[in-house]
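Below is one structure, written out as C-alpha coordinates; comments come after it.
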Amino acid sequence: MTVHERKNTESGGESLPLKGNDAGKGYDPEAGYQSADHHLSMSEDEDEETSRLAKVLQGRFLLLLVAFLYGSLNVTLRLVYDRPGPPSASALSSSRGWMAAACFVPLLMNHKPTTIYHDATTTQSSFWRVAFELAFWNFGAQGLLALGLLSTESARASFFTQTSVVMTPILSAIAGYQLRCRVWLGCIIALIGLVLLSDSGAEKFSVAFEIGDLFCLSGAFCWSFYLFRLSSVGSSFDEVRMQAAKTLIMAFLYSGWFIVAQIQSETSLWEGWHDWISWALIFYSALGPGALADIIQQKGQAVVWAAEANVILSMEPVFTAILGLFLLGEATSVQEKFGGGLIILASIMSTSTD
(Lines give C-alpha, C1' and ligand atoms only; values in the text may rest on other atoms or scores of the structure.)
Protein backbone atom coordinates (compact mmCIF):
# COMPACT_ATOMS: atom_id res chain seq x y z
CA MET A 1 0.00 0.00 0.00
CA THR A 2 1.43 3.35 -1.02
CA VAL A 3 1.55 6.41 1.18
CA HIS A 4 -1.33 7.99 -0.68
CA GLU A 5 -3.41 4.78 -0.51
CA ARG A 6 -2.79 4.64 3.23
CA LYS A 7 -3.90 8.27 3.63
CA ASN A 8 -7.05 7.53 1.62
CA THR A 9 -7.84 4.45 3.70
CA GLU A 10 -7.33 6.30 6.97
CA SER A 11 -9.76 8.98 5.82
CA GLY A 12 -12.48 6.36 5.31
CA GLY A 13 -12.07 6.01 1.56
CA GLU A 14 -14.42 8.88 0.86
CA SER A 15 -13.57 11.12 -2.07
CA LEU A 16 -14.10 14.83 -2.10
CA PRO A 17 -16.74 16.24 -4.44
CA LEU A 18 -15.63 17.37 -7.88
CA LYS A 19 -15.16 21.05 -8.51
CA GLY A 20 -15.73 23.11 -11.62
CA ASN A 21 -15.12 21.42 -14.95
CA ASP A 22 -13.73 18.26 -13.34
CA ALA A 23 -17.25 16.82 -12.91
CA GLY A 24 -18.61 14.61 -15.69
CA LYS A 25 -15.39 14.36 -17.72
CA GLY A 26 -14.09 10.94 -16.69
CA TYR A 27 -12.05 12.46 -13.88
CA ASP A 28 -10.79 9.95 -11.31
CA PRO A 29 -11.20 11.73 -7.98
CA GLU A 30 -8.95 9.36 -6.03
CA ALA A 31 -6.12 9.41 -8.52
CA GLY A 32 -6.51 13.13 -9.03
CA TYR A 33 -6.26 14.06 -5.40
CA GLN A 34 -3.47 11.57 -4.82
CA SER A 35 -1.52 13.28 -7.61
CA ALA A 36 -2.14 16.68 -6.06
CA ASP A 37 -0.94 15.40 -2.69
CA HIS A 38 2.12 13.91 -4.32
CA HIS A 39 2.97 17.16 -6.08
CA LEU A 40 2.44 19.06 -2.84
CA SER A 41 4.89 16.76 -1.05
CA MET A 42 7.44 17.15 -3.83
CA SER A 43 6.99 20.90 -3.75
CA GLU A 44 7.61 21.00 -0.01
CA ASP A 45 10.77 18.89 -0.40
CA GLU A 46 12.02 21.16 -3.18
CA ASP A 47 11.32 24.26 -1.10
CA GLU A 48 13.18 22.76 1.85
CA GLU A 49 16.18 21.84 -0.32
CA THR A 50 16.18 25.30 -1.91
CA SER A 51 16.11 26.91 1.53
CA ARG A 52 18.99 24.71 2.71
CA LEU A 53 21.12 25.53 -0.34
CA ALA A 54 20.37 29.23 0.09
CA LYS A 55 21.60 29.09 3.69
CA VAL A 56 24.78 27.27 2.65
CA LEU A 57 25.49 29.79 -0.13
CA GLN A 58 24.90 32.61 2.32
CA GLY A 59 27.30 30.99 4.79
CA ARG A 60 29.96 30.69 2.08
CA PHE A 61 29.55 34.34 1.13
CA LEU A 62 29.86 35.38 4.78
CA LEU A 63 33.08 33.37 5.14
CA LEU A 64 34.43 35.01 2.00
CA LEU A 65 33.74 38.38 3.61
CA VAL A 66 35.56 37.17 6.72
CA ALA A 67 38.56 36.23 4.56
CA PHE A 68 38.58 39.78 3.18
CA LEU A 69 38.41 41.29 6.68
CA TYR A 70 41.21 39.02 7.89
CA GLY A 71 43.24 39.96 4.82
CA SER A 72 42.86 43.64 5.65
CA LEU A 73 44.14 42.96 9.18
CA ASN A 74 47.70 42.23 8.06
CA VAL A 75 47.84 45.42 5.98
CA THR A 76 46.37 47.47 8.84
CA LEU A 77 48.93 46.16 11.33
CA ARG A 78 51.73 46.92 8.87
CA LEU A 79 50.49 50.49 8.72
CA VAL A 80 50.56 50.61 12.53
CA TYR A 81 54.12 49.30 12.69
CA ASP A 82 55.17 51.92 10.13
CA ARG A 83 54.06 54.74 12.47
CA PRO A 84 56.63 56.51 14.70
CA GLY A 85 57.28 54.63 17.95
CA PRO A 86 55.18 51.58 17.09
CA PRO A 87 53.79 49.32 19.82
CA SER A 88 55.16 45.90 20.66
CA ALA A 89 53.18 42.80 19.75
CA SER A 90 51.83 42.40 23.27
CA ALA A 91 50.90 46.10 23.59
CA LEU A 92 49.18 46.06 20.21
CA SER A 93 47.32 42.83 20.97
CA SER A 94 46.19 44.06 24.38
CA SER A 95 44.93 47.40 23.04
CA ARG A 96 43.21 45.73 20.13
CA GLY A 97 41.69 43.09 22.40
CA TRP A 98 40.00 45.61 24.68
CA MET A 99 38.84 47.68 21.72
CA ALA A 100 37.28 44.58 20.20
CA ALA A 101 35.53 43.88 23.51
CA ALA A 102 34.26 47.48 23.62
CA CYS A 103 32.88 47.12 20.08
CA PHE A 104 30.48 44.49 21.37
CA VAL A 105 28.80 46.88 23.83
CA PRO A 106 26.54 48.61 21.25
CA LEU A 107 25.98 45.28 19.51
CA LEU A 108 24.77 43.72 22.74
CA MET A 109 22.56 46.71 23.54
CA ASN A 110 20.76 46.41 20.19
CA HIS A 111 20.70 42.62 20.18
CA LYS A 112 17.81 41.04 22.09
CA PRO A 113 17.77 37.27 21.59
CA THR A 114 15.21 35.17 23.42
CA THR A 115 18.06 33.10 24.89
CA ILE A 116 21.84 33.12 24.86
CA TYR A 117 21.78 29.67 23.29
CA HIS A 118 19.72 28.23 20.46
CA ASP A 119 19.88 24.61 21.64
CA ALA A 120 17.60 23.81 24.59
CA THR A 121 20.05 21.15 25.82
CA THR A 122 22.76 23.72 26.53
CA THR A 123 23.10 25.58 29.83
CA GLN A 124 24.63 28.79 31.16
CA SER A 125 27.70 26.92 32.41
CA SER A 126 28.25 25.25 29.06
CA PHE A 127 27.99 28.68 27.38
CA TRP A 128 30.95 30.03 29.36
CA ARG A 129 32.86 26.78 28.99
CA VAL A 130 32.58 26.98 25.20
CA ALA A 131 33.44 30.70 25.23
CA PHE A 132 36.61 30.03 27.21
CA GLU A 133 37.52 27.12 24.94
CA LEU A 134 37.15 29.23 21.80
CA ALA A 135 39.14 32.05 23.41
CA PHE A 136 41.87 29.62 24.42
CA TRP A 137 42.31 28.18 20.92
CA ASN A 138 42.14 31.61 19.27
CA PHE A 139 44.66 33.10 21.69
CA GLY A 140 46.92 30.06 21.24
CA ALA A 141 46.87 30.44 17.46
CA GLN A 142 48.02 34.07 17.61
CA GLY A 143 50.31 33.75 20.62
CA LEU A 144 52.22 30.74 19.30
CA LEU A 145 52.66 32.43 15.94
CA ALA A 146 54.17 35.46 17.69
CA LEU A 147 56.61 33.18 19.51
CA GLY A 148 57.47 31.33 16.31
CA LEU A 149 58.30 34.56 14.49
CA LEU A 150 61.07 35.23 17.01
CA SER A 151 63.24 32.59 15.33
CA THR A 152 61.45 31.66 12.09
CA GLU A 153 61.51 33.61 8.84
CA SER A 154 58.20 35.11 7.77
CA ALA A 155 57.95 32.91 4.65
CA ARG A 156 58.35 29.74 6.66
CA ALA A 157 56.01 31.02 9.39
CA SER A 158 53.32 31.79 6.81
CA PHE A 159 53.57 28.32 5.35
CA PHE A 160 53.49 26.52 8.69
CA THR A 161 50.53 28.48 10.03
CA GLN A 162 48.54 27.82 6.86
CA THR A 163 48.95 24.06 7.28
CA SER A 164 45.64 24.40 9.11
CA VAL A 165 44.16 23.97 5.62
CA VAL A 166 45.00 20.26 5.85
CA MET A 167 44.78 19.92 9.64
CA THR A 168 41.10 20.87 9.78
CA PRO A 169 39.79 18.08 7.50
CA ILE A 170 41.94 15.61 9.42
CA LEU A 171 40.30 16.72 12.68
CA SER A 172 36.87 16.51 11.04
CA ALA A 173 37.60 13.01 9.72
CA ILE A 174 38.83 11.84 13.14
CA ALA A 175 35.59 13.14 14.64
CA GLY A 176 33.65 10.96 12.22
CA TYR A 177 32.47 13.54 9.69
CA GLN A 178 32.09 12.36 6.10
CA LEU A 179 33.96 14.75 3.80
CA ARG A 180 33.52 15.01 0.07
CA CYS A 181 36.51 14.14 -2.10
CA ARG A 182 36.24 17.60 -3.63
CA VAL A 183 36.95 19.16 -0.21
CA TRP A 184 40.08 17.05 0.24
CA LEU A 185 41.28 17.94 -3.25
CA GLY A 186 40.54 21.61 -2.57
CA CYS A 187 42.60 21.45 0.63
CA ILE A 188 45.57 20.00 -1.26
CA ILE A 189 45.37 22.60 -4.03
CA ALA A 190 45.03 25.41 -1.49
CA LEU A 191 48.06 24.11 0.37
CA ILE A 192 50.12 24.12 -2.84
CA GLY A 193 49.03 27.68 -3.50
CA LEU A 194 49.96 28.73 0.02
CA VAL A 195 53.41 27.17 -0.39
CA LEU A 196 53.95 29.25 -3.52
CA LEU A 197 52.78 32.41 -1.77
CA SER A 198 54.90 31.90 1.33
CA ASP A 199 58.00 30.84 -0.62
CA SER A 200 57.76 33.70 -3.12
CA GLY A 201 60.75 36.03 -2.85
CA ALA A 202 62.78 33.78 -0.55
CA GLU A 203 66.21 32.62 -1.68
CA LYS A 204 65.61 29.09 -0.47
CA PHE A 205 62.98 27.21 1.43
CA SER A 206 64.47 24.85 4.00
CA VAL A 207 62.58 21.86 5.37
CA ALA A 208 64.50 21.52 8.63
CA PHE A 209 62.30 21.87 11.71
CA GLU A 210 63.47 24.23 14.45
CA ILE A 211 61.81 25.36 17.68
CA GLY A 212 60.21 28.33 15.91
CA ASP A 213 58.76 26.02 13.27
CA LEU A 214 57.18 23.90 15.97
CA PHE A 215 55.61 26.99 17.52
CA CYS A 216 54.10 27.95 14.16
CA LEU A 217 52.81 24.42 13.57
CA SER A 218 51.29 24.42 17.05
CA GLY A 219 49.62 27.74 16.26
CA ALA A 220 48.19 26.26 13.06
CA PHE A 221 46.81 23.35 15.08
CA CYS A 222 45.14 25.78 17.51
CA TRP A 223 43.55 27.68 14.62
CA SER A 224 42.33 24.42 13.06
CA PHE A 225 40.84 23.32 16.36
CA TYR A 226 39.19 26.72 16.74
CA LEU A 227 37.55 26.37 13.31
CA PHE A 228 36.55 22.79 14.05
CA ARG A 229 34.98 23.60 17.40
CA LEU A 230 33.29 26.71 15.99
CA SER A 231 31.61 24.61 13.31
CA SER A 232 30.52 22.11 15.97
CA VAL A 233 28.98 24.61 18.41
CA GLY A 234 28.28 27.57 16.16
CA SER A 235 24.59 26.77 15.70
CA SER A 236 24.00 26.08 19.42
CA PHE A 237 24.68 29.56 20.77
CA ASP A 238 23.74 33.10 19.91
CA GLU A 239 26.51 34.51 17.69
CA VAL A 240 26.77 37.98 19.22
CA ARG A 241 26.78 36.88 22.86
CA MET A 242 29.17 33.98 22.28
CA GLN A 243 31.71 36.08 20.40
CA ALA A 244 31.38 38.89 22.95
CA ALA A 245 32.18 36.48 25.78
CA LYS A 246 35.07 34.96 23.84
CA THR A 247 36.50 38.38 22.97
CA LEU A 248 36.28 39.54 26.60
CA ILE A 249 38.18 36.46 27.77
CA MET A 250 40.81 37.03 25.07
CA ALA A 251 41.23 40.64 26.22
CA PHE A 252 42.15 39.41 29.70
CA LEU A 253 44.57 36.87 28.21
CA TYR A 254 46.21 39.58 26.08
CA SER A 255 46.47 41.84 29.12
CA GLY A 256 48.22 39.10 31.05
CA TRP A 257 50.68 38.73 28.18
CA PHE A 258 51.29 42.50 28.11
CA ILE A 259 51.83 42.73 31.88
CA VAL A 260 54.37 39.89 31.84
CA ALA A 261 56.19 41.43 28.85
CA GLN A 262 56.27 44.87 30.48
CA ILE A 263 57.68 43.46 33.72
CA GLN A 264 60.45 41.75 31.76
CA SER A 265 61.20 44.85 29.66
CA GLU A 266 63.23 47.83 30.86
CA THR A 267 61.70 50.24 28.30
CA SER A 268 58.19 51.24 27.28
CA LEU A 269 56.45 48.80 24.99
CA TRP A 270 54.74 51.65 23.09
CA GLU A 271 56.65 54.91 22.90
CA GLY A 272 54.31 56.46 20.32
CA TRP A 273 51.09 55.75 22.22
CA HIS A 274 49.90 59.36 21.67
CA ASP A 275 49.70 58.94 17.84
CA TRP A 276 45.97 59.16 16.98
CA ILE A 277 46.45 57.57 13.53
CA SER A 278 47.79 54.43 15.20
CA TRP A 279 44.76 54.36 17.48
CA ALA A 280 42.41 54.76 14.50
CA LEU A 281 44.07 51.88 12.67
CA ILE A 282 43.94 49.69 15.76
CA PHE A 283 40.26 50.57 16.24
CA TYR A 284 39.48 49.40 12.70
CA SER A 285 41.43 46.18 13.26
CA ALA A 286 39.37 45.59 16.40
CA LEU A 287 36.01 46.40 14.80
CA GLY A 288 36.29 44.94 11.28
CA PRO A 289 38.69 41.97 11.39
CA GLY A 290 37.95 41.63 15.11
CA ALA A 291 34.40 41.88 16.45
CA LEU A 292 32.43 41.85 13.18
CA ALA A 293 34.54 39.11 11.61
CA ASP A 294 34.06 36.88 14.67
CA ILE A 295 30.27 37.23 14.53
CA ILE A 296 30.09 36.76 10.77
CA GLN A 297 32.41 33.75 10.92
CA GLN A 298 30.34 31.96 13.56
CA LYS A 299 27.14 32.65 11.59
CA GLY A 300 28.76 31.35 8.40
CA GLN A 301 30.29 28.26 9.96
CA ALA A 302 26.96 27.28 11.49
CA VAL A 303 25.96 25.97 8.04
CA VAL A 304 29.36 25.24 6.43
CA TRP A 305 31.70 22.32 7.22
CA ALA A 306 34.91 23.25 9.05
CA ALA A 307 37.19 21.88 6.29
CA GLU A 308 35.27 23.74 3.60
CA ALA A 309 35.28 26.91 5.70
CA ASN A 310 39.05 26.68 6.12
CA VAL A 311 39.56 26.52 2.35
CA ILE A 312 37.42 29.64 1.88
CA LEU A 313 39.27 31.44 4.67
CA SER A 314 42.58 30.48 3.03
CA MET A 315 41.82 33.21 0.47
CA GLU A 316 42.98 35.67 3.13
CA PRO A 317 46.51 36.07 1.60
CA VAL A 318 44.92 36.80 -1.78
CA PHE A 319 43.03 39.75 -0.32
CA THR A 320 46.15 40.77 1.58
CA ALA A 321 48.14 40.90 -1.65
CA ILE A 322 45.46 42.99 -3.39
CA LEU A 323 45.11 45.45 -0.50
CA GLY A 324 48.87 45.59 -0.06
CA LEU A 325 49.23 46.62 -3.71
CA PHE A 326 46.79 49.51 -3.41
CA LEU A 327 47.51 50.69 0.15
CA LEU A 328 51.19 49.84 0.59
CA GLY A 329 52.42 49.74 -3.01
CA GLU A 330 53.56 46.14 -2.67
CA ALA A 331 53.57 44.52 -6.11
CA THR A 332 53.02 40.77 -6.40
CA SER A 333 55.26 38.51 -8.48
CA VAL A 334 54.11 35.99 -11.06
CA GLN A 335 54.63 33.20 -8.53
CA GLU A 336 52.44 34.99 -5.99
CA LYS A 337 49.71 35.51 -8.60
CA PHE A 338 49.85 31.82 -9.52
CA GLY A 339 49.66 30.78 -5.87
CA GLY A 340 46.68 33.07 -5.31
CA GLY A 341 45.01 31.63 -8.40
CA LEU A 342 45.36 28.11 -7.00
CA ILE A 343 43.71 29.22 -3.75
CA ILE A 344 40.79 30.71 -5.66
CA LEU A 345 40.49 27.48 -7.66
CA ALA A 346 40.52 25.44 -4.45
CA SER A 347 37.77 27.58 -2.96
CA ILE A 348 35.60 27.21 -6.05
CA MET A 349 36.10 23.44 -6.06
CA SER A 350 35.30 23.13 -2.39
CA THR A 351 32.16 25.28 -2.51
CA SER A 352 30.62 23.99 -5.75
CA THR A 353 27.33 22.14 -5.28
CA ASP A 354 26.65 18.61 -6.48
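The values are calculated or read from the model by the stated rules, or taken from the named source; none is laboratory data. Note that this is a predicted model, so its numbers are computed, not measured. We place every Cβ from the backbone using ideal geometry, glycine too, and count neighbours over all the protein chains shown. In case anyone asks, the SASA skips ligands and DNA or RNA and just uses the protein heavy atoms, side chains included. Shrake-Rupley method; radii C 1.70, N 1.55, O 1.52, S 1.80 Å.
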Do the conditions hold for L77, that is, is it at pLDDT 85 or above and outside any loop (DSSP other than H, G, I, E, B)?
no
Subset tally (residues that are over 23 Å from G59 (Cα atoms), of a type outside the set (A, V, I, L, M) and open to solvent by 50 Å² or more (accessible area, probe 1.4 Å)) for the range 219-256
2
Of the candidates I263, I282, I259, the one satisfying the condition of being exposed (fewer than 13 other Cβ atoms within 10 Å of the Cβ) and within 15 Å of S93 (Cα to Cα) is I259
Within the range 251-290, residues being among the aromatic types (F, W, Y) and part of a loop (DSSP other than H, G, I, E, B) number 2
Expected output for the range 83-105 (first residue over 8 Å from A286 (Cβ atoms), partner of a type in the set (D, E, K, R) and surrounded by fewer than 22 Cβ atoms within 10 Å (Cβ to Cβ), Cβ below 8 Å, 6+ apart or cross-chain) is R83/D275; P84/D275; G85/E271; G85/D275
Just to be sure before I move on: is V303 of a type in the set (A, V, I, L, M) and either part of a helix (DSSP H, G or I) or more than 22 Å from A190 (Cα to Cα) (or both) in the structure I sent?
no
Is it fair to say R96 is at pLDDT 85 or above, in a helix (DSSP H, G or I) and open to solvent by 30 Å² or more (accessible area, probe 1.4 Å)?
yes
Among the residues of the range 285-292, is there at least one that is of a type in the set (A, V, I, L, M) and open to solvent by less than 30 Å² (accessible area, probe 1.4 Å)?
yes
In the range 311-354, what residues are in a helix (DSSP H, G or I), of a type in the set (D, E) and either exposed (fewer than 13 other Cβ atoms within 10 Å of the Cβ) or modelled with pLDDT under 75 (or both)?
E336
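Can you tell me which residue is surrounded by the fewest Cβ atoms within 10 Å (Cβ to Cβ) among those in the range 125-149 that are among the aromatic types (F, W, Y) and at pLDDT below 90?
W128
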